[in-house]
Amino acid sequence: MYGYFAIAFLVPHSHHGPYRQQGHGNGFFEGRSGRGHHSELHRKTKENPPIMSLPSRCKSFARLPLMAVLLALGACVSPGQPLPPPLPAVAKAAPLTSADADFVQKLNEMDVMQIALAKSAETHAARSDVATLGATIAKDLTGNQDKLTKLVAAHAITLTPKPSSENQKIIDRMQHFHGTAFDRSYIRSLSRNSARMKPVIDAEIASSKNPDLVKLANDTKTMLAAYEAQLA
């Protein structure tokens, strides 16, 4: 009801009062007739075109809210931007068993001891191939140790940077040898240590479910075999 009055208020009126169109199609209005008035009426009609009747205008305005509702519903139904893909799950470190942890400590102990002996070989050996091999072993097993440290970082395993007391005695004794005496002792120690580690490494390769640890064990086995082959 209020909307109807508001629309009626907005409808402009002619200076001569409201007018309405006749039934015939010549565009003349009531109260006006004759050819003398035709040009004048035509001019006024162009300047002030006929206004839509109130019922028609009400119907036009009534359509607007309905269209707005339909557009709003269409916006709700139509899909928006596609959702971003879910983030990949954070990869968890492969578990370490008690056997894995035992192997880690034995491998760490071997690396620490062999690095110390290899550094002595660079300065104490008489044979150039022994001195060269010592430099290679020190570099290789230092890299091996870095990989091992990184591998166990997520498992709360602490690696000692020092040799065991038993291995430290061997290192101290080797420090007193020079020349050919050092060469013999060093080759013998390296061969004995490789023979001791071989079954430990093989067992880890066969039983471990940690792919990184298995790869490290295989790499270590390959390196030890190459060292022995150079000194044969």
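The values are calculated or read from the model by the stated rules, or taken from the named source; none is laboratory data. These numbers were taken from a predicted model, which means no experiment stands behind them. FYI the Cβ positions are ideal-geometry reconstructions off the backbone, even for glycines, and counts take in every protein chain you see. The area values use the complete protein model at the heavy-atom level, side chains included, leaving out ligands, DNA and RNA. Shrake-Rupley method; radii C 1.70, N 1.55, O 1.52, S 1.80 Å.
Tabulated results
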read-out: Filter pass, N167 being in contact with an Asp or Glu (Cβ under 8 Å, 6 or more places away or on another chain), within 23 Å of S208 (Cα to Cα) and buried (at least 18 other Cβ atoms within 10 Å of the Cβ); value: no
read-out: Total residues in region 148-195, condition aliphatic (A, V, I, L, M) and in contact with a helix residue (DSSP H, G or I) (Cβ under 7 Å, 6 or more places away or on another chain); value: 10
read-out: Cross-chain or 6+ apart pairs with Cβ under 7 Å, region 129-149 first and closer than 14 Å to E109 by Cα and open to solvent by 10 Å² or more (accessible area, probe 1.4 Å), then assigned to a helix (DSSP H, G or I) and of a type in the set (D, E); value: Q145/D111
read-out: Failed criterion for I115 (all others in (1) of a type outside the set (D, E); (2) in contact (Cβ under 8 Å) with a residue 60 or more places away in the chain; (3) part of a helix (DSSP H, G or I) hold); value: (2)
read-out: Hey, D172 at pLDDT 95 or above and closer than 18 Å to T123 by Cα or not; value: yes
read-out: Search result, residues across region 206-232 that are β-branched (V, I, T) and buried (at least 16 other Cβ atoms within 10 Å of the Cβ); value: V214, T220
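Residues are listed down the side, and each one gets a yes or a no for (1) over 42 Å from the mean Cα position of the chain (by Cα); (2) open to solvent by 30 Å² or more (accessible area, probe 1.4 Å); (3) at positive phi:
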residue: Q114; (1), (2), (3): no, no, no
residue: T123; (1), (2), (3): yes, yes, no
residue: G179; (1), (2), (3): yes, no, yes
residue: M197; (1), (2), (3): no, no, no
